[in-house]
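What follows is a short report on a single structure.
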Amino acid sequence: MNTTKFTSIKFTSNLILVTGPSRSGKSEWAETLAMQTGKSVIYVATATTNPDDPEWLARIEKHQQRRPSSWTTLLVPLDLAGTITNYSDINHCLLVDSLGTWVANCLEQNDTVWQQTLQNLWNSLTKVKGSVIFVAEEAGWGVVPAYPMGRAFRDRLGNVVRYLGHLANPVYLVTGGHVLNLSTLGQPLPDNGNVGESPQT
């Protein structure tokens with residue numbers, strides 16, 4: 001297992017993290033926050049469409065119908081860092097939905113490539129001029145997955161969410177029909193400056 005060190009970066013309200021379990025309403029809350037910024041919203045969709053999966057297509061359509069028509073939508077399954085760098089503007093709010101899908105899209109990257117992908121993401125956040133809202137799934141509250149790829153997904157996503165939790169302010173947890181501001185309710189863990197361990201897949 002490898003541990004990669006990253007320089008800790010501190011942000012205020014230009015970086016927001018919204019996390020929660022499936023069907024918790026986290027995307028709806030993130031969309032509400034994006035509208036409240038008063039900025040031009042760019043919706044960064046990390047999911048890819050699959051014509052053979054009608055249930056997944058229905059989910060995507062539901063999200064699309066809920067979003068204002070004035071929002072710009074970008075389909076970004078992989079190059080999240082480049083998108084943040086290219087579209088960062090003081091008048092823009094980037095809404096990234098979701099980190100879990102992005103991590104899943106990157107699962108075939110070996111550990112070295114994945115660590116560079118993360119470094120590129122953290123570097124892009126140092127150049128943010130507007131607002132960025134990340135939506136992330138909580139995948140580590142259940143049983144340990146029985147297969148290596150499932151464990152890699154859980155661990156990689158957990159590491160990303162924990163590190164972003166140190167950078168973002170505020171951090172929201174959406175669960176049980178309630179929104180909790182962890183930045184005011186919680187005590188942050190000491191920031192040891194690394195993104196955690198990323199197991200070989």
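When you count, for each residue, the other Cβ atoms within 10 Å and take the mean per peptide, how do 29-35, 41-47, 70-76 rank with the highest first?
Answer by packing, highest mean first, reads 41-47, 29-35, 70-76.
Pairs of Cα atoms under 8 Å, at least six residues apart: use those to get the relative contact order of segment 2-198, whole percent.
Numbers: 326 pairs, mean separation 75.4, N = 197.
The value is 38 percent.
Roughly how many debye, to the nearest 20, is the charge dipole of the chain about its Cα centre, given +1 on each Lys and Arg Cβ, -1 on each Asp and Glu Cβ, and no other charges?
With only Lys, Arg, Asp and Glu charged at Cβ, the dipole is about 480 debye.
Could you work out how far the C-alpha centroid of segment 102-160 sits from that of segment 36-77, in angstrom?
Cα centres, segment 102-160 to segment 36-77: 20 Å.
If each DSSP helix of 4+ residues adds -39,500 (n - 2.57) and the sum is divided by the residues in the chain, what number results at 222 nm, nearest 500 deg cm²/dmol?
Calculated mean residue ellipticity at 222 nm is -12000 deg cm²/dmol.
Give the dimensionless ratio obtained when the Cα radius of gyration of segment 72-129 is divided by 2.2 N^0.38 Å. Mind dumping the intermediate values first?
Working: Rg = 11.7 Å, N = 58, 2.2 N^0.38 = 10.3 Å.
This ratio for segment 72-129 stands at 1.14.
Which value in Å does the Kirkwood hydrodynamic radius of segment 119-199 take, with 1/r averaged over all unlike C-alpha pairs and then inverted? Please list the in-between numbers first.
Numbers: mean 1/r = 0.0694 Å⁻¹.
Across segment 119-199, the inverse of the average 1/r is 14.4 Å.
Each residue of segment 28-34 in order: what ³J(HN,Hα) in whole Hz does its phi give by Karplus 6.51 cos²θ - 1.76 cosθ + 1.60, θ = phi - 60°, with x for Gly and Pro?
Once rounded to whole Hz, the list reads 4, 5, 4, 5, 4, 4, 4.
Taking the Cα centre of segment 2-198 as the origin and placing charges on Cβ (Lys, Arg +1; Asp, Glu -1), which of 63, 173, 148 is farthest toward the positive end of the dipole?
173
Based on C-alpha coordinates, I'd like the Rg and Dmax of segment 2-198, in Å.
16.0, 45
Classify segment 100-162: rounded, prolate or oblate, from the alpha-carbon gyration tensor (a ≥ b ≥ c, eigenvalue square roots; a/c under 1.5 rounded; otherwise prolate if a/b is larger than b/c)?
oblate
Add +1 for every Lys or Arg and -1 for every Asp or Glu among the other residues with Cβ under 12 Å from the Cβ of residue 46, and state the total.
Combined, the nearby Lys, Arg, Asp and Glu give -3.
From the residues 87, 182, 41, which one has its Cα farthest along the dipole of the chain in the positive direction, the dipole being from +1 and -1 charges on Cβ of Lys/Arg and Asp/Glu about the Cα centre?
182
Throughout, read-outs are computed from the coordinates displayed, never taken from laboratory work. Remember, predicted model here, so these are calculated numbers, not experimental data. As a convention, Cβ positions derive from the backbone with ideal geometry for all residues, glycine included, and neighbour counts pool all protein chains shown.
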